[in-house]
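Chemist: Please read through the structure below; I'll follow up with questions.
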Amino acid sequence: MISLSTEICTNFAESTGREWLETNGIGGFASGSISGALTRRYHGLLTAATEPPLGRITMLSKFEETLIIGDDHFELSTNEFPGKVFPDGYKYLTGFRLDPFPIWTYEISGVILEKRIFMPNGENTTVVRYKASGMILSPLKLELRPLLSYVDYHHLQHVTAEFNGEFSSNGGVVSMQPYPTLPNLNFGHNALAIEKSGYWYRNFEDEIERERGFDYNEDLFQPFVMTFDLAGEAIVIVSTDVRKAEDTALLEPLEVERRRELITIAEAEGDFTKQLVLAADQFIVDRGEGETVIAGYPWFSDWGRDTMIALPGLTLATNRPDVAKDILLEFSKHVSKGMLPNRFADAGGTAEYNTVDATLWYFEAIRAYVEKTGDLEFVLEHLYETLADIVVWHMRGTRYNIHVDTDGLLYAGEEGVQLTWMDAKVGDRVITPRIGKPVEIQALWFNALIIMSEFAEEFGDKADKKLYLSMAELCKQSFNGVFWNDEEACLYDVVVNGSRDASIRPNQILAASLKHSMLDEEKARKVVEKVEAELLTSVGLRSLSPKDSRYVGIYIGSPVERDSAYHQGTTWGWLIGGYVDAHRRVFPDMEEKITALLAGFERTLHEGAVGQVAEIFDGDAPHRSRGCFAQAWSVAELLRVMREQII
């Protein structure tokens, strides 16, 4: 359980700056700020995945909540309008906790009101419950006024005549369909009364959207008022399905048990690890007949690179190898011209293949799966032929000039395209183009070749084993000949046509951290020392050394300003995994140092999105969380290295 104090909850800046997240396992989610104020376009009580895991529509943004004690009305909601916060219900908060769902506690005139929100797994449904206790001397009622958005989750709603605010009420279910092309929204409830209203609430200000340089004003539609008697519980089930209030008696225990079972299966001990296990589960969602990984909430879909990097931590470190197997098999169906897709478009359609490293991380994810399970039969039957074909495509050349050069190193890139994980782009300008031979791509390519040689040996494929080993040896010789930077005692970031980029970046850590490394122990140690000296922070590795004139220490401002800083100093949480692996390899007797470093991440679970780990952090102290408030590979890599033994 994670809890926030009264002091935090009743401080508008502190409680609004912290967020909560619930997910449903099919791509939908619910999120908001602890104070209740909408600060992002992505905040909502139900963002439904209409084409799982995508097609996400923010249907219900929030409830306006009024507690009625006798004849007195108390507004529990919090909203930010131009120049004013109204109402300011956060002042009644006495606490917030994850246990395991988001739970708020309010206290007014001796009455304690508890609100809890959860999403059942596998359906576009959010359950909201209110229960009163304490010194109850007068009749208690609760009014809820739903505020609807009903737009693509990347967009903001504004007053429009096209919005159909009509609804029907029958047998404890209120139903409406604001747009004929979108699903119905149903409110299962145990309210005393439903009263039609039909108002637009105008000009909400989403502060984080303003900070990010986007449009930040939105209007929301309020169709009716629900009145509840708090002598019992007030229950609303918001869903694209037809659910009744009494279904909560079944849904909540099932979801509690499902989450408890995740912790049991993972054999997790300690609150920190247990919460990371639950956080990891929020990224695993259905895709077709298999499963995939949502790269980050609130705005990412499933990305090939993120999925493969995150897979060991999300599934193997949590003892869910069957999920890993499903993901590996599902992605094998999308391999094209020897490449894994970079991302699946939000609106469906053709997958995008503009990545060089996602495919190489696929090999490492499969290796990790086999190491965990010993399931070579699955690889032979379903994956080995695909992996061999991937190598062939890279040898003869595939999209975006990705090909093995005569020196055995892997070349990738062309003008105007960003193929590595450092993929920020402003208009037609790629911020870190890295065309040529990036250091981590060589490390991943060598690792993939050795993995293939090991598989070939296991499967009695002697000719291909010999081929893979000879390719790996040439790659290793060339790499050590051109990538070592004697002056800085580390690795160059990119080599191309005799030019060497001496930027001190974290990519080099992968050459020392992957299972199969081209570096000897001395060089690997020097890489770790350089990365530690210039890039290591308490929450990950900076993307560029602060000594570099291009370094940007704060990730804030307009989209152009933020994209320009994305890989120019911003700290990335997922890189802690590679750093820890490399450090353990070259300094095996310093585990106490690593334990202390990883323990420092626990504070992040109480900041940003409570119970989650953000995508990025400022390069400058105090390393404020930025970007996606919950990122799959940040959680996964932290969890993986926390649970692995010393190499």
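Chemist: Could you tell me which numbered condition ILE594 fails, if it satisfies all but one of (1) modelled with pLDDT of 95 or more; (2) more than 23 Å from LEU316 (Cα to Cα)?
Modeler: In the conditions (1) modelled with pLDDT of 95 or more; (2) more than 23 Å from LEU316 (Cα to Cα), ILE594 misses (2) alone.
Chemist: Out of (1) modelled with pLDDT under 95; (2) open to solvent by 10 Å² or more (accessible area, probe 1.4 Å), what's the single condition that is false for ALA565?
Modeler: (2)
Chemist: On to the next question. Inside the range 211-249, can you point out the residues that are basic (Lys, Arg) and modelled with pLDDT of 95 or more?
Modeler: ARG243, LYS244
Chemist: OK, next. Could you check, for the range 406-426, whether at least one of its residues is free of Cβ contacts under 8 Å to residues at least 40 places away in the same chain, open to solvent by 20 Å² or more (accessible area, probe 1.4 Å) and in contact with a Pro (Cβ under 9 Å, 6 or more places away or on another chain)?
Modeler: yes
Chemist: How many residues does the range 607-621 contain that are modelled with pLDDT of 95 or more and either closer than 27 Å to ASP99 by Cβ or surrounded by fewer than 22 Cβ atoms within 10 Å (Cβ to Cβ) (or both)?
Modeler: Total meeting the criteria: 10.
Chemist: Follow-up. Condition first: surrounded by 18 or more Cβ atoms within 10 Å (Cβ to Cβ) and either under 27 Å from the mean Cα position of the chain (by Cα) or of a type in the set (D, E, K, R) (or both). Now tell me which residues in the range 388-405 satisfy that.
Modeler: Correct list: ARG399 only.
Chemist: Looking only at the range 485-501, decide whether some residue is within 19 Å of GLY578 (Cα to Cα), over 34 Å from the mean Cα position of the chain (by Cα) and open to solvent by less than 40 Å² (accessible area, probe 1.4 Å).
Modeler: Within the range 485-501, one or more residues are within 19 Å of GLY578 (Cα to Cα), over 34 Å from the mean Cα position of the chain (by Cα) and open to solvent by less than 40 Å² (accessible area, probe 1.4 Å).
Chemist: What tally of residues in the range 228-275 results from selecting those that are in contact with a strand residue (DSSP E or B) (Cβ under 9 Å, 6 or more places away or on another chain) and of a type in the set (Ser, Thr, Tyr)?
Modeler: The total comes to 3.
Chemist: Has the range 65-76 got any residue that is on the phi > 0 side of the Ramachandran plot and buried (at least 20 other Cβ atoms within 10 Å of the Cβ)?
Modeler: Among the residues of the range 65-76, not one is on the phi > 0 side of the Ramachandran plot and buried (at least 20 other Cβ atoms within 10 Å of the Cβ), which makes the answer no.
Chemist: Okay, next question. Name, by its number, the condition in (1) open to solvent by 20 Å² or more (accessible area, probe 1.4 Å); (2) in contact (Cβ under 8 Å) with a residue 12 or more places away in the chain that does not hold for GLU269.
Modeler: All conditions pass for GLU269, except number (2).
Chemist: Given (1) within 15 Å of GLY122 (Cα to Cα); (2) modelled with pLDDT under 95; (3) over 20 Å from the mean Cα position of the chain (by Cα), where does GLU269 come up short, assuming only one miss?
Modeler: (1)
Chemist: Which strands (runs of 3 or more DSSP E) sit wholly inside the range 163-251 and have at least 1 residues that are among the basic types (Lys, Arg) and under 25 Å from TYR42 (Cβ atoms)?
Modeler: The qualifying strands (runs of 3 or more DSSP E) are 193-205.
Chemist: While we're on this one: For the range 1-101, which fully contained strands (runs of 3 or more DSSP E) count at least 3 residues that are under 26 Å from PRO253 (Cα atoms) and over 20 Å from the mean Cα position of the chain (by Cα)?
Modeler: Output list reads 54-69, 93-98.
Chemist: What single numbered condition from (1) open to solvent by 50 Å² or more (accessible area, probe 1.4 Å); (2) in a strand (DSSP E or B); (3) closer than 28 Å to ARG202 by Cα fails to hold for LEU144?
Modeler: Result: LEU144 fails condition (1) only.
Chemist: In the range 319-368, how many residues are closer than 15 Å to ASP281 by Cα and touching a Leu at 6+ places or on another chain (Cβ under 7 Å)?
Modeler: Number of matching residues: 2.
Chemist: Sort out which residues of the range 362-387 are within 18 Å of PRO341 (Cα to Cα) and either open to solvent by less than 10 Å² (accessible area, probe 1.4 Å) or not in a helix (DSSP H, G or I) (or both), and write them in order of number.
Modeler: Once the filter is applied, which keeps residues that are within 18 Å of PRO341 (Cα to Cα) and either open to solvent by less than 10 Å² (accessible area, probe 1.4 Å) or not in a helix (DSSP H, G or I) (or both), the range 362-387 yields TYR362, PHE363, ALA365, ILE366, LEU383, LEU387.
Chemist: Return yes or no: is ASP589 open to solvent by less than 10 Å² (accessible area, probe 1.4 Å) and of a type in the set (D, E, K, R)?
Modeler: no
Chemist: Something else about it: Here are THR359, THR315, THR355: which of them is open to solvent by less than 10 Å² (accessible area, probe 1.4 Å) and assigned to a loop (DSSP other than H, G, I, E, B)?
Modeler: Within the list THR359, THR315, THR355, the selection yields THR355.
The values are calculated or read from the model by the stated rules, or taken from the named source; none is laboratory data. Fair warning: this is a prediction, and the values are worked out from it, not measured in the lab. All Cβ positions, even for glycine, are placed from backbone atoms using ideal geometry, and neighbour counts span all protein chains on display. The protein model used for the area step is the full one, side chains on, heavy atoms only, and it has no ligands, DNA or RNA in it. Shrake-Rupley method; radii C 1.70, N 1.55, O 1.52, S 1.80 Å.
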